[in-house]
Structures are given as C-alpha cells and as structure tokens.
Amino acid sequence: MQMLPRSNYKLTELAEEMVRCAQPLLPAGGRLFLGLQQETDGSLRMIWWRGEDFRLVAEIDATPEGFCPEDSHEGALQDAAAACITYLSGRWPTPPRRLGVITDGTGVAFSPARPAVAEPGWLMDHAGGKAALTAILPLDGEGPCALLCAPPETASFH
C-alpha cells in the first residue's frame, strides 16, 4: 500500500474525522472494516466486511436526505464520509461516477485504479495484488485489512 504522493492537510483532516466517527461502529476485536462509497446522486453506501474472509456483514444505503440522525453513530459517519469522499473526488482530474474508501477505524485508503469499493471483485482484486490501495491515513497492517495491505507475494487468502 502506498501513501498519497504529497500531503493534503484538508483531506487528512476529513479522513481523521471519518475514522473518529467510524470507530464506534467497528467493535474492538471484531475484525470488521468498512467500505464507504458515494454515488453521483450523492447517496452513500456503508458496507461492513469481515477481515478474515471478506464476508458481507451489514450494509446501509441512503441519500443525504435519508441519512441517519446526526446524533447517531451511523449519521455522524455518513456526514463525515460524504465530506471526505466529496473532497477526494474534487482532487480527481475527471471524478469517477462511484468513489469509495475503506477504513479499519485506524486509517483510510482508496484505489485510484478501481475507485468503486462496492464493485464485485474489488476486495479480491486488491487482496490478490491486481489493484493497489493508496492510503490517506495508514491502515493497520495487522488489523482487519491486513490482506489488503500486504504485498501480493506475501498475501495469502484461504
């Protein structure tokens, strides 16, 4: 996994807020991580996966009008993720139709080559080294995203 080629303080600040909001939704020791994908209509998909086998655990999909209340953990994360992804999208020469990030509650990463995290095969392509992640904040290399962080020659998925 590589880091952004140069620091962007605003993007880092938005990613840090997103991580802070995601932590209550990622139980300690639960080995879960989140994918957050924004569509062109502004809707946001939140996807929880298990780190050891990439199984889908839960999913919420809502337009901004349908976001959970701001005083809930889900609502706070929806607002923070939408702000982070919107800002990230603005850094793209031609923004993709669907753009997403993943977080393990420690870091935030995205894939320039495969920006839609909810796309079929996305997880396996990254775990298998067919696509690479770029970190805004480093993911925990020993956490639930370990298979996505490892170099392809050392990763093994059973």
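The values are calculated or read from the model by the stated rules, or taken from the named source; none is laboratory data. Every value quoted in this text rests on a predicted model; they were computed, and no experiment measured them. Note that we place each Cβ from the backbone using ideal geometry, even for glycine, and neighbour counts take in every protein chain shown. These accessible areas exclude ligands, DNA and RNA; they are computed on the full protein's heavy atoms, side chains included. Shrake-Rupley method; radii C 1.70, N 1.55, O 1.52, S 1.80 Å.
Mean-square fluctuations from a GNM of the chain, with a 10 angstrom spring cutoff on Cα atoms, peak among Pro93, Pro112, Pro27 at Pro93.
Put a dot 7 Å past the Cα of Glu52, heading toward its Cβ, do the same for Met3, and the two dots end up 3.2 nm apart. When peptides 47-58, 134-145 are ranked by their average number of other Cβ atoms within 10 Å per residue, the highest-first order is 134-145, 47-58. Think of the chain as a dipole: +1 on every Lys or Arg Cβ, -1 on every Asp or Glu Cβ, centred on the Cα centre; then among Leu26, Gly51, Gly75, Gly51 lies furthest on the positive end. Remark: spin-label model distance Ser43-Arg98 equals 1.1 nm, labels positioned 7 Å along the Cα→Cβ axis. Taking the chain as a Gaussian network of alpha-carbon nodes connected by springs under 10 Å, the highest mean-square fluctuation of the residues Gln37, Gln78, Gln23 belongs to Gln23. Along segment 133-138 the Karplus relation, 6.51 cos²θ - 1.76 cosθ + 1.60 evaluated at θ = phi - 60°, assigns HN-Hα couplings of 8, 10, 8, 7, 10, x Hz to successive residues, with x for each Gly and Pro.
Structure remark: mean-square fluctuation, Gaussian network model of the chain, C-alpha springs under 10 Å; the largest value among Ala82, Ala15, Ala113 belongs to Ala113. When the inverse distances between all different Cα atoms of the chain are averaged and flipped, the Kirkwood radius reads 15.4 angstrom. Peptides 63-72, 101-110, ordered by how many other C-beta atoms sit within 10 Å of their residues on average, highest first, read 101-110, 63-72.
The residues of segment 43-158 present an accessible area of 47 Å² per residue when probed at 1.4 Å with all protein chains retained.
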